[in-house]
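This report concerns only the one structure given below.
The values are calculated or read from the model by the stated rules, or taken from the named source; none is laboratory data. Everything numeric in this text was worked out from a predicted model, so none of it was measured. Every residue, glycine among them, receives a Cβ derived from its backbone with ideal geometry; neighbour counts consider all protein chains shown. Side chains are part of the model used for accessible areas, which takes the heavy atoms of the whole protein and leaves out ligands, DNA and RNA. Shrake-Rupley method; radii C 1.70, N 1.55, O 1.52, S 1.80 Å.
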Amino acid sequence: MSKKIACLLTDMFEDVEYTDPAKQFKEAGHEVVTIEKEAGKEVTGKQGDATVKIDKGIDEVNPEDFDALFLPGGFSPDQLRADERFVKFSKHFMDEKKPVFAICHGPQLLITAKTLEGRKATGFTSIAVDMEYAGVDYQDQEVVVCQDQLVTSRNPDDLPAFNRESLKLLDK
C-alpha cells in the first residue's frame, strides 16, 4: 500500500541522505512530498550534488494528510527548527505514533519538538550530547528502530540499514 511521506528540507541538506532514501521510497511505490517555507523554491545540498524543487510550502500542508515523516541530515534540520511551524509539524508525527525517519542531524527537529525523551535513537556524533540532554538513550549503531515508529541513523554510511528499516515500517 502506497504511503505519503512528508520530507522537511531546506538548503544545505546532506545530498545523499535525501536522494538515496527518496529514490528507495519512490521505487517502492511511495510518494515523497518535499516541504519548505515556500513551494517551487529550489534548495541545494551542501555537497552541491543535488538540487530539489520544493513541492509544498509549510503553510499549505497539514500533517494529518501524511503517513510518515522523513528528515534528512546536513544543516537543513538545524535551520528548520528555528521556525516553530516545522517543529509543530514534526511533533505531530511523534505524538500520533506515525513513522518518522531521521538520519544524521535529522533528530535535531525532534529534539526541539521535545519528543525524544525516553526513546532509543542515534544521530550524527556531534549531536549525541544534545540527544542525551533531550533524554534519549543514545545508541552508537548504524540504525536504531524505537517502538516500531522511529528509525534513526548516524551518517551516509548507514544508508543501506536506514533505508531497509524505513521501508519495513512503511510496509506495515
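Couple of notes before you dig in:
- Pairing residues of segment 1-20 that are in a helix (DSSP H, G or I) with residues that are surrounded by 24 or more Cβ atoms within 10 Å (Cβ to Cβ), at Cβ distances under 6 Å and at least 6 apart in sequence or on separate chains, gives Glu17/Pro72; Glu17/Gly73; Glu17/Ile103; Glu17/Cys104; Tyr18/Pro72.
- When Ala39, Ala50 are checked against the criterion of being within 19 Å of Val16 (Cα to Cα) and either buried (at least 16 other Cβ atoms within 10 Å of the Cβ) or small (Gly, Ala, Ser) (or both), Ala50 stands alone in meeting it.
- Wholly enclosed strands (runs of 3 or more DSSP E) of segment 55-172 bearing at least 1 residues open to solvent by 10 Å² or more (accessible area, probe 1.4 Å) and in contact (Cβ under 8 Å) with a residue 24 or more places away in the chain: 144-146
- Put simply, of Phe70, Phe86 the only residue that is under 22 Å from Thr112 (Cβ atoms), in contact with a Phe, Trp or Tyr (Cβ under 9 Å, 6 or more places away or on another chain) and aromatic (Phe, Trp, Tyr) is Phe70.
- Residues that are farther than 20 Å from Arg81 by Cα, surrounded by 15 or more Cβ atoms within 10 Å (Cβ to Cβ) and in contact with a strand residue (DSSP E or B) (Cβ under 6 Å, 6 or more places away or on another chain), drawn from segment 23-36: Phe25, His30, Val32
- If you go through segment 44-54 and keep only what is in a strand (DSSP E or B) and either touching a Phe, Trp or Tyr at 6+ places or on another chain (Cβ under 7 Å) or modelled with pLDDT under 95 (or both), you end up with just Val52.
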